[in-house]
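Participant: Have a look at the structure that comes next, please.
The values are calculated or read from the model by the stated rules, or taken from the named source; none is laboratory data. Keep in mind that this is a model prediction, so the values were computed, not measured. Every residue, glycine among them, receives a Cβ derived from its backbone with ideal geometry; neighbour counts consider all protein chains shown.
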Amino acid sequence: MYHLSSPPVLAEANLPFERMKSFCTQLTKMVQEMRKCIVETQEMHNRQLECMQRERDAAILTVTQLEQEQSINSNCIPPGSIHANKKCANCNREALAECSLCRRTPYCSTFCQRKDWITHQNECVRSTQEPTHQIMLIVDETQ
Ligand SMILES: [Zn+2]
Ligand SMILES: [Zn+2]
């Protein structure tokens, strides 16, 4: 009769292991749930990132377009206003160049600058207070 009482004792002895096994199963389920949760959150996060990226790209595009429009506008204004104010000091035509020494007197060409140099050199030297031969770039005094 003694051996009949032994199986329940064994079962009882195994009970902690059975509990641990079921606990492990529960843990595994929980881990799987968590993993699923993390993956879902990550997907959501990625979708939000994509959304933000798209919004940012759109914003950058808008800014770039605005900047381009502004630069086009600002490029459109100067040719009329600035160049119209600059007239060759010698022949009074539209001046595209200027005295490279004083950068204040406009000329249409080096020809006009040379012709005007005799009168211009006085005020040019006066305004810069620098020796002419060192920085004179356009006028060639040997010619
Ligand atoms: Zn000229
Ligand atoms: Zn000058």
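Participant: Mind listing whichever residues of the stretch 101-114 are near ligand 2 (Cβ under 8 Å from one of its atoms) and not β-branched (Val, Ile, Thr)?
Facilitator: Listed by number, the residues that qualify are Leu101, Cys102, Arg103, Arg104.
Participant: Same structure, new question: Of all residues being closer than 22 Å to Thr105 by Cα and at pLDDT 80 or above in the stretch 55-90, which is nearest to ligand 2 (Cβ to nearest atom)? Just the residue, please.
Facilitator: So, considering only residues that are closer than 22 Å to Thr105 by Cα and at pLDDT 80 or above, the one nearest to ligand 2 (Cβ to nearest atom) is Ala89.
Participant: Additional query: Do you know which of the residues in the stretch 88-111 that are of a type in the set (A, V, I, L, M, F, W, C) and surrounded by 19 or more Cβ atoms within 10 Å (Cβ to Cβ) is farthest from ligand 1 (Cβ to nearest atom)?
Facilitator: Per the criteria, the residue is Leu101.
Participant: Let me ask something else. Test of understanding: among Glu123, Glu130, Glu141, which residue is at pLDDT below 90, part of a helix (DSSP H, G or I) and surrounded by fewer than 16 Cβ atoms within 10 Å (Cβ to Cβ)?
Facilitator: Answer to the selection: Glu123.
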